[in-house]
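Down below is the structure, laid out as structure tokens.
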Amino acid sequence: MPFLSQLIGHPADSVAVIDETGEHTYGELIEQARILSAVLKQQIEAERPFIAFLAGRDALSVVSLLAIWLADGIAVPLDPMMPVPEWEWRIRDVDANYLIYAPGKEGDANYLMQRCGIAIIKATGHEAAPPNLITLDQQKEAVVIYTSGTSRYPRGVVHTFGSIEAQVKTLCQAWNWSPEDRLLHVLPIAHIHGLVCGLLCTLAAGASCELMPSFKTESVWEQLASRRFSLFTAVPAIYQYMLDSWSKSTEQQQGNWQRGASALRLAIVGSSPLPPSVHNQWQKLTGKPLLTRYGLTEAGMVLSQQEHGERRPECLGSPLPGVSVRLVDESGNEVNGVGELEVRSPQMFKGYHGKDDLNQRVFDHGWFRTGDMAMLDHEQYRLLGKRSIDIIKTGGYRVSALEIEAMLDAHPGIRECAILGTPCDRLGEAICACVVPLSRHIDLKEVREWLCMEVASYKLPTKMTLLEQLPRTPLGKIDKQGLKRELSSPSQTFLT
């Protein structure tokens, strides 16, 4: 069933979204979106314009998104947590015609209007006759979602209404969404995980989601302690922060928080590799393992563990309904062992905005080249890392950075770590370990000796360094490109 038809079909008085201002029903969201779309239509001159909006975790952002679609526009969600120059870069990249802004953002909106020549429209305070609802053409572009920065510059990923609806349908089926579900939403709506896995699945299922305006570990725990929620989805870093907070809380808090988390039907994790220690701690705390999934901005969710199946921390699950995957070697030949993961499905994006040459390179006869190396492990896929940065070519060997990270993560004195390949005349690339310790009292020589018992000698880091924290992208992924730049500083010291 088309997405808008699903929305209209839900009971108008059912609660769809809860934010700082209160509860918002399906009927209210649709009515407000229709009014705002009428205002947009009065101002729109170009056919199918790009319309940017600040995609905060609030009902107004939901209204803005629906209004853009009802006005036959292409939505460009901007992350409110990003600095204004990042918004400006994205607006210029798609040559957006309009910007919808929320109350309190007049200063930023006027700045962007002057800098980019963009028309600005306030999201509230309008009176207009709402237009008739339209049918969304499956072939039309619906949204431009920017990648989270693992490439040098974010890429504008163009999804059609058809690809978005295919993603939502697949996830609602795989994760058994129902109108009784209630999601605690803590992820950025400007990214595929927060937009599709969180918000749009909620709306398609007729369920409800509570949008937290900002992430604070104690606030999240207190919400979960209410036992109102059946679903929670986050990146590994968020689960790590929550577990750290739990360990420092009072005995009474721990009991309340533990009971709340145990009441979840599903706690979903993805967007970056899951440290085994986080998986094990969460399972020990709640009695239930995290459900790992794998996806990309370009393809939506591709792999997922099953709700009632085996959930190993090192595995990503099997292909979701309607999704085909394969492993290929460097020549593009299908292989049974280790290879690059390629994907084909109705969920696939239309292309990168304004990058025709790149669009031709990333597809191979309909198969999308993810750049991720993987292997099949007992009917579940196991990620080995990005070909460009997580597969280290050292001394004639190919080493998975993720494998060594998983080993180091098990060390009792390490909070988190990152493994990189750095230029080396002798080996081609040297394996460098960046370690964030649980306390300052950690001996890297002892860590290396401990690791000697766990991995082959050619996988041992030849360089190690201590850091207070690892740089991250806006979605919480470790920013390894940024980390490489930090390590190139002459002041950085290493154990060699």
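Do any strands (runs of 3 or more DSSP E) entirely within the range 7-54 hold 3 or more residues that are out of contact with any helix residue (DSSP H, G or I) (no Cβ under 6 Å at 6 or more places or on another chain), and if so, which? Talk me through it step by step, then tell me what you get.
Working: elements: 15-19, 22-25, 50-54.
Here the list reads 22-25.
Could we say that Ser64 is assigned to a helix (DSSP H, G or I), under 20 Å from Glu127 (Cβ atoms) and hydroxyl-bearing (Ser, Thr, Tyr) here?
On the way: assigned to a helix (DSSP H, G or I): yes; under 20 Å from Glu127 (Cβ atoms): yes; hydroxyl-bearing (Ser, Thr, Tyr): yes.
So Ser64 passes the test.
Conditions (1) of a type outside the set (A, V, I, L, M, F, W, C); (2) out of contact with any Phe, Trp or Tyr (no Cβ under 8 Å at 6 or more places or on another chain); (3) on the phi < 0 side of the Ramachandran plot, marked per residue:
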| position | (1), (2), (3) |
| --- | --- |
| Ser277 | yes, yes, yes |
| Pro289 | yes, no, yes |
| Glu298 | yes, no, yes |
| Met301 | no, no, yes |
| Gly309 | yes, yes, yes |
| Gly317 | yes, no, no |
| Val335 | no, yes, yes |
| Val343 | no, no, yes |
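Identify all residues within the range 220-265 that are more than 21 Å from the chain's Cα centre (by Cα), under 21 Å from His24 (Cα atoms) and among the small types (Gly, Ala, Ser); write none if there are none.
Selection gives Ser226 alone.
Which of the residues that make up the range 202-222 are out of contact with any Asp or Glu (no Cβ under 7 Å at 6 or more places or on another chain) and assigned to a helix (DSSP H, G or I)?
First pass over the range 202-222, keeping only residues out of contact with any Asp or Glu (no Cβ under 7 Å at 6 or more places or on another chain): 202-204, 206, 208-210, 212, 214-222.
Thr202, Leu203, Ala204, Thr217, Glu218, Ser219, Val220, Trp221, Glu222, listed by residue number.
Here is a yes/no grid of residues against (1) more than 26 Å from Asp19 (Cα to Cα); (2) of a type in the set (D, E, K, R); (3) more than 22 Å from the chain's Cα centre (by Cα):
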{"residue": "Leu99", "(1), (2), (3)": "no, no, yes"}
{"residue": "Met113", "(1), (2), (3)": "yes, no, yes"}
{"residue": "Ala119", "(1), (2), (3)": "yes, no, yes"}
{"residue": "Lys140", "(1), (2), (3)": "yes, yes, yes"}
{"residue": "Gly162", "(1), (2), (3)": "yes, no, no"}
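Run Ala109 past the list (1) in contact with a Leu (Cβ under 8 Å, 6 or more places away or on another chain); (2) loosely packed, with under 14 Cβ neighbours inside 10 Å and report the number of the one that doesn't hold.
Here Ala109 clears every test but (2).
Within the bounds of the range 246-259, is there any residue that is outside the structural domain of Arg415 (by TED's automatic domain parsing), touching a strand residue (DSSP E or B) at 6+ places or on another chain (Cβ under 6 Å) and in contact (Cβ under 8 Å) with a residue 12 or more places away in the chain? Break it down stepwise before answering.
Restricting attention to the range 246-259, the residues satisfying the condition of being outside the structural domain of Arg415 (by TED's automatic domain parsing) are 246-259.
Imposing the further condition that a residue be touching a strand residue (DSSP E or B) at 6+ places or on another chain (Cβ under 6 Å) reduces the set to none.
There is no residue in the range 246-259 that is outside the structural domain of Arg415 (by TED's automatic domain parsing), touching a strand residue (DSSP E or B) at 6+ places or on another chain (Cβ under 6 Å) and in contact (Cβ under 8 Å) with a residue 12 or more places away in the chain.
Restricting to the range 19-53, name every residue that is closer than 26 Å to Ala166 by Cα and among the β-branched types (Val, Ile, Thr).
Thr25, Ile30, Ile51
If the requirement is being crowded, with 19+ Cβ neighbours inside 10 Å, closer than 23 Å to Ser208 by Cα and without any contact (Cβ under 8 Å) to a residue 60 or more places away in the chain, which of these qualifies: Ala96, Ala75, Ala33?
Working: Ala96 fails: closer than 23 Å to Ser208 by Cα; Ala75 fails: without any contact (Cβ under 8 Å) to a residue 60 or more places away in the chain.
Being crowded, with 19+ Cβ neighbours inside 10 Å, closer than 23 Å to Ser208 by Cα and without any contact (Cβ under 8 Å) to a residue 60 or more places away in the chain holds for just one of Ala96, Ala75, Ala33, which is Ala33.
Within the group Trp69, Trp87, which residue is part of a helix (DSSP H, G or I) and within 14 Å of Ala142 (Cα to Cα)?
That would be Trp69, the only listed residue that is part of a helix (DSSP H, G or I) and within 14 Å of Ala142 (Cα to Cα).
Here are Phe349, Phe368, Phe363: which of them is over 20 Å from the mean Cα position of the chain (by Cα) and either under 20 Å from Thr160 (Cα atoms) or modelled with pLDDT of 90 or more (or both)?
One residue alone meets the criteria, Phe363.
Evaluate the following for Pro474: is it modelled with pLDDT under 85, outside the structural domain of Tyr241 (by TED's automatic domain parsing) and either closer than 30 Å to Trp87 by Cβ or crowded, with 18+ Cβ neighbours inside 10 Å (or both)?
yes
The values are calculated or read from the model by the stated rules, or taken from the named source; none is laboratory data. Predicted model only: the values in this text are computed from it and were never measured. Cβ sites come from the backbone with ideal geometry, for glycine too, and all protein chains shown count toward neighbours.
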